[in-house]
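Here is the structure we will look at.
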Amino acid sequence: MNNTVKYAILGCLASLSFTARANIGIDPATNQAIEKILSEFNSPGKPALAVTVIKEGKPIYEKAFGSANLEYKTPATVDTKFQVDAFAWEFIAYAALKLEAQGKIKLDDDIRKYLPELPDLGEKVTVDHLLSSTDGYYGYKALKSLSGWETKDPEQHKSILRIIKSQKALNFKPGKAFSPGGDTRLILLASIVESVTGQSFDAYCNSQIFAPLGMSNTVFLYDSNQAPDNTAVPYRSESNGTYKRDYGDSTAPGPVNLYTSIRDLSVWRSHISARTPGISSLVNKMNSPIKLDGGAMIKDVASISNYGQQHVGKERGIPKVYLRGISGGYSSTLFRFPEQDFSVIVLSSGLAYNGSYGMQIANLFMNNHFPEPETIDYTKIEGVKLSRQQLQQFVGNYWNPVRALNARVHLKDDVLYYSRVDGSDGNALIPLGNSTFQITIEGDDKILLKFIDKAGGKDMNYTVNDSDPVVFESYKPTSYANNEMTQFTGTFYSNELNSSFVFDVNNGVLTASNVRSGTIKFKPLSPNMFSGDKSFLRGIRFIRGNNNEVTGFKVAVDTVRSLVFKKVQEDDNRKLFSL
């Protein structure tokens with residue numbers, strides 16, 4: 001069936017169910033307030049947006065707005081599918097934990113028991129390590145870019161496994177550190193499910209989760225070149241007010257390439273909330289905090305913090321569970337308040353972030369439950385008075401080597417400011433003590449900076465509410481003249497990935513290029529340390545030999561912490577490119 005006819009038919013059918021499940025169990029005034037919040041999307045000229053509100057295990061509001069396809073003005077419905085990115089993680093964890101509950105796997109088992117084809121890297125990596133992102137495997141997204149690898153293979157997750165087999169070392173000792181962006185673990189968990197059940201992961205999820213619950217619009221897509229029927233087209237808004245299609249990474253591997261509808265997510269969350277016999281202990285496990293091997297709870301500022309692969313924090317003084325997914329023009333957000341048994345989910349196909357709408361809706365129902373105000377009144381914070389000389393000691397540049405983040409603290413009009421962007425004033429800091437400051441932001445999050453003296457400089461610990469600190473190290477910026485920059489040029493090759501980057505100097509800027517990954521521009525941070533403008537090379541450190549010559553570089557980003565590219569000598573360079 002051609003697209004014109006297909007979308008015309010969908011448009012006719014959609015008009016029958018456009019508001020089929022709106023205002024299921026709320027009063028007219030609240031319904032009107034929700035409609036007002038989402039009024040800008042109630043137009044055929046806007047990309048699709050769908051919302052569900054769930055209270056005590058039952059959807060009380062469910063509605064779709066806008067068009068699933070702007071070209072054909074196809075109305076979105078509660079059955080319209082969206083690509084939901086990180087929402088897939090919960091189902092991957094659920095599948096693994098379901099097998100654990102059935103006694104078919106053990107969380108403390110070495111994953112090579114189920115995936116014997118993986119190399120022995122000298123450390124035991126367990127199923128629990130995968131679920132808690134403490135496994136140490138390289139991240140597949142970064143590997144794809146570093147290897148210049150791109151495939152349209154419908155089963156490309158198997159290609160990822162082939163790359164992982166060439167890994168020579170782990171990022172860290174399993175269970176001893178946490179990776180905020182760890183993603184290969186999800187492919188490995190899905191592969192374990194396949195190994196144990198003898199089914200493909202999508203078939204297992206369909207037969208054991210989706211079909212029994214009637215989630216007919218939910219599917220893990222293994223053929224990434226063709227979106228399922230009745231899927232919203234993803235768009236990105238342009239500066240002139242028009243929309244352009246944006247599919248983002250259209251080659252996401254099957255086990256994390258999930259499409260679903262707002263109606264199906266209502267069914268799923270209702271199922272999880274209802275705690276029906278047989279799954280209560282499983283749900284309890286999913287809500288349990290993840291930990292390091294020593295027992296310390298992992299409380300990252302934004303990444304996962306429970307076995308359900310969601311972030312657990314607070315909103316205005318009460319516990320809140322948060323999940324966010326972004327892929328191209330698709331955006332997905334979950335806010336869940338466990339003590340009130342209340343959830344809001346927003347799916348969209350034309351916003352970079354839709355969480356603000358979800359939180360506005362949550363406030364309509366939750367406002368009387370919040371013990372703290374929506375925004376912090378900084379005038380009521382009793383800070384301490386520090387002299388300009390005392391403040392000056394904190395001024396400088398700071399680098400977080402795990403997340404490859406650059407930060408700056410500067411002084412203006414006797415006030416310290418924290419900034420992540422060069423040239424920006426950033427956010428003012430309120431001194432709470434001689435070395436602790438609160439960042440002023442719009443919202444209710446209490447963000448603190450605590451400075452700690454150490455040999456050769458300072459550490460800056462960044463925390464949000466009661467999170468673990470993100471540790472930034474102070475550094476003195478370095479600059480290189482054009483003739484000095486040439487020491488970093490040449491071809492650098494990774495035997496593990498069979499991939500190379502050519503470094504050169506263009507208009508005074510160090511660049512690295514790969515035929516598939518494109519060109520990366522670098523800025524010097526400190527001696528031998530550079531920051532790139534693409535995430536997979538956000539941080540690199542050049543390695544020097546006995547005679548101080550550059551012999552290679554080590555990738556220094558969260559998901560790839562120990563991969564080395566060696567500089568190719570001239571004779572070897574000719575051999576490399578003659579292959």
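The values are calculated or read from the model by the stated rules, or taken from the named source; none is laboratory data. No experiment lies behind these values; they were computed from the predicted model shown. We place every Cβ from the backbone using ideal geometry, glycine too, and count neighbours over all the protein chains shown. Surface accessibility is based on the protein's heavy atoms, side chains included, excluding ligands, DNA and RNA. Shrake-Rupley method; radii C 1.70, N 1.55, O 1.52, S 1.80 Å.
Couple of notes before you dig in:
- Boolean, residue 368 is polar (S, T, N, Q) and either in a helix (DSSP H, G or I) or closer than 28 Å to residue 27 by Cα (or both): yes
- Looking at 428, 362, just one residue is open to solvent by less than 30 Å² (accessible area, probe 1.4 Å), in a helix (DSSP H, G or I) and not β-branched (Val, Ile, Thr), and that residue is 362.
- Region 398-416 residues that are more than 26 Å from residue 180 (Cβ to Cβ), paired with ones that are open to solvent by 40 Å² or more (accessible area, probe 1.4 Å) and of a type in the set (Ser, Thr, Tyr) (beta carbon under 7 Å, 6 or more apart): 410/417
- Failed item, numbered, when residue 223 is tested on (1) open to solvent by less than 20 Å² (accessible area, probe 1.4 Å); (2) at pLDDT below 95; (3) in a loop (DSSP other than H, G, I, E, B): (1)
- Among the candidates 349, 343, 303, the residue that is polar (S, T, N, Q) and touching a helix residue (DSSP H, G or I) at 6+ places or on another chain (Cβ under 9 Å) is uniquely 343.
- Test for residue 480: is it closer than 18 Å to residue 149 by Cα, crowded, with 16+ Cβ neighbours inside 10 Å and touching a residue at least 12 places away in the same chain (Cβ under 8 Å): no
- Where residue 101 falls short, out of the listed (1) open to solvent by 40 Å² or more (accessible area, probe 1.4 Å); (2) closer than 18 Å to residue 332 by Cβ: (2)
- The residues of region 449-470 that are in contact (Cβ under 8 Å) with a residue 40 or more places away in the chain and out of contact with any Phe, Trp or Tyr (no Cβ under 9 Å at 6 or more places or on another chain), listed by number, are 463, 464, 465, 466, 467.
- Among (1) open to solvent by less than 10 Å² (accessible area, probe 1.4 Å); (2) over 25 Å from residue 62 (Cβ atoms); (3) assigned to a strand (DSSP E or B) - the single one residue 312 does not satisfy: (1)
- The set of residues from region 435-457 being among the basic types (Lys, Arg) and more than 29 Å from the chain's Cα centre (by Cα) comprises just one member, 454.
- When the strands (runs of 3 or more DSSP E) confined to region 493-560 are screened for residues that are under 17 Å from residue 149 (Cα atoms) and out of contact with any helix residue (DSSP H, G or I) (no Cβ under 7 Å at 6 or more places or on another chain), those reaching at least 2 such residues are found at 499-506, 509-514, 518-526.
- Contact annotation: residue pairs with Cβ atoms under 7 Å, 6 or more positions apart or on different chains, pairing a residue in region 84-106 that is within 17 Å of residue 210 (Cα to Cα) with a partner that is in a loop (DSSP other than H, G, I, E, B) and open to solvent by 10 Å² or more (accessible area, probe 1.4 Å), are 93/307; 97/307.
- Checking 357, 322 one by one, the residue that is open to solvent by 10 Å² or more (accessible area, probe 1.4 Å) and either free of Cβ contacts under 8 Å to residues at least 60 places away in the same chain or part of a strand (DSSP E or B) (or both) is 322 and no other.
- Among (1) of a type outside the set (A, V, I, L, M, F, W, C); (2) closer than 30 Å to residue 317 by Cβ; (3) out of contact with any Gly (no Cβ under 6 Å at 6 or more places or on another chain) - the single one residue 414 does not satisfy: (2)
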